[in-house]
Every structure is written in structure tokens, then in C-alpha cells.
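Everything below concerns the one structure shown next.
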Amino acid sequence: MSIPFQGFQTQLQVGGISNAATGQQAYAPGMILSIYGASLGTFAQSTATIPLPQYLAGFDATINGVTAPLYYVSPNQVNVQIPYATNPGRATLVVGNPYANLTYTFQVSAAAPGIFTFQNGSINPIGSAAHGQTVTLFITGEGQVTPTLATGTTPSPHTQTGDLPKPVLPYSVTVGGVAATIDFIGIPSGLVGVTQINYTVPGGISTGVQPVVVTVGGVASPAATLNVTQ
């Protein structure tokens, strides 16, 4: 009987981590974290349930000893949620597949906001709007929220809009350097670790591509872009 040899098992590796919205090395409790490496999961699999699973495609992870729920797992990239229980300071990420475990350390801040964008840097899902128009963006990395929300979960669909979790720390939005009115901020039912912001494009700013910045707790996000029309 012959048994085909398919080569040596690739060793588990973590090449780096980043904020899932921005790709930058900035991290906060509750944030979506992207992990890059080799042999992380045995195959590609996205979660289909909330609360998010703790084990997916042969992969699991903890941060400071607390399970990090999983959004997506593949051999080369994994997206997890940093537990809300993670305190600012040095944090220890432990990742594992069926064959090995590996430790990676990183620094957590109280807030590390990042705006979700398209590949060209424009705001996802609405990259163009007129003066006075109310539009939506999504962020991760706002840190602790109130009321509190268990890691890996989403608010009940019966939650009143005014009772949805929102950042504990002060927050603001600017468009082209001008403060924008925030009409809504919170984590709606169906989202985990992602906060929705509805803001009104201020009048008096120039038309064309303008930077949009979300600031939480004095920490500014990398600028996304919004095409401002008449």
C-alpha cells in the first residue's frame, strides 16, 4: 500500500496584526483585529452565527487569556474581536491550530478608531454626498461602550435606538476640517464590534473630495474621503 506524501506541514506563523478597518497598528477593546500569517486555519470559513464562535476552521485565539470571538478564518488571515475585557497596555495574543500554539504581543489603547472604506479610501458604504445630506459610516476601535455589551454579541433587535451601545469616550466627526452634526451613533442589532455613525455634511465646505475624520477619546482616525457635491 502506498501513501502519497504531500510535503511537510507549514508551521504556524503570525506575520503581523492590524486594525481591520484601516490596516494600521492601532488597537482598542472591542475592535475587529486582523491577524496575518501562515497555517492559521485549515481552510477558509466565515462565521454564520451571533454570538460569534470561539472555534472556526481549526483555529482559536485568546487575548490576555480571554477567548477572542471569530469573524473569519483562513490559512493566511483571521479576523477576531478583541475582548472588551482587554485593558489598555501590553496584551498577549495566543493563536492556535490543531498542531501548535503561538504567542504574539501588542499594545492596546483606550481608543483606536478606524473608518471602513473602499479600496480607494472613500467611505464605505456612502462615498459621495451633498451639503446638508445625512449619510452613514461605520467604525471599529471606539473602545468601551455604554450600555455594556458582551464580547462577540450584538444588541437585541428589540433595543430602542436611544438605548443602543455607544462609545463611553467623547466622540466627534469632521468633514473637511469642519465639525459635522452626529444624528446617530451606536452599535445596531446585527453588528459585532462595529459602530454606525449617521452624520450631516456641513455647509460652507468646498465641493470635491474632502477628508472625514472620526475622533474618539482624543484619538483621531486616519482620514477617509467623501466627495462633497452641491
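The values are calculated or read from the model by the stated rules, or taken from the named source; none is laboratory data. Only a predicted model underlies this, so the values are computations on that prediction, with no experimental measurement involved. Don't worry about glycine lacking a Cβ; one is built from the backbone with ideal geometry, like all the others, and counts go over all protein chains shown.
Enumerate the pairs (first residue in segment 50-71 and assigned by TED's automatic domain parsing to the domain that holds I35 and acidic (D, E); second residue anywhere and surrounded by fewer than 18 Cβ atoms within 10 Å (Cβ to Cβ) and assigned to a loop (DSSP other than H, G, I, E, B)) with beta-carbon separation below 8 Å, excluding pairs fewer than 6 apart on the same chain, so at least 6 apart or on different chains.
So the pair list comes out as D60/Q54.
From the set of residues in segment 214-230 that are buried (at least 18 other Cβ atoms within 10 Å of the Cβ) and closer than 17 Å to Q133 by Cα, which is nearest to the chain's Cα centre (by Cα)?
T225
This table checks each residue for (1) surrounded by 17 or more Cβ atoms within 10 Å (Cβ to Cβ); (2) assigned to a loop (DSSP other than H, G, I, E, B); (3) of a type in the set (G, A, S).
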| site | (1), (2), (3) |
| --- | --- |
| G41 | yes, yes, yes |
| P53 | yes, yes, no |
| A61 | yes, no, yes |
| Y71 | yes, no, no |
| P75 | yes, yes, no |
| N79 | yes, no, no |
| N87 | no, yes, no |
| V95 | yes, no, no |
| P98 | no, yes, no |
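Collect the residues in segment 100-126 that are β-branched (V, I, T) and buried (at least 20 other Cβ atoms within 10 Å of the Cβ), keeping them in residue-number order. Working first, answer last.
First pass over segment 100-126, keeping only residues β-branched (V, I, T): 103, 105, 108, 115, 117, 123, 126.
Answer for segment 100-126, where residues must be β-branched (V, I, T) and buried (at least 20 other Cβ atoms within 10 Å of the Cβ): V108, I115, T117, I123.
Please work out which residue is surrounded by the most Cβ atoms within 10 Å (Cβ to Cβ), limiting yourself to segment 127-148 and to residues that are more than 15 Å from the chain's Cα centre (by Cα), in a loop (DSSP other than H, G, I, E, B) and touching a residue at least 24 places away in the same chain (Cβ under 8 Å). Reasoning before the result, please.
Step one: list which residues in segment 127-148 are more than 15 Å from the chain's Cα centre (by Cα), which gives 127-136, 146-148.
Checking which are in a loop (DSSP other than H, G, I, E, B) leaves us with 127, 131-133, 147-148.
Right, trim to touching a residue at least 24 places away in the same chain (Cβ under 8 Å) and you get 127, 131-133, 148.
On the way: G127: 19, H131: 15, G132: 10, Q133: 13, T148: 9.
Ranking the qualifying residues of segment 127-148, first place goes to G127.
State all residues of segment 183-207 that are closer than 14 Å to N227 by Cα and in contact with a strand residue (DSSP E or B) (Cβ under 6 Å, 6 or more places away or on another chain); if no residue qualifies, say none.
Passing the criteria: T200, V201, P202, I205, T207.
Return the total of residues in segment 163-214 being within 23 Å of A112 (Cβ to Cβ), assigned to a strand (DSSP E or B) and not polar (S, T, N, Q).
Number of matching residues: 16.
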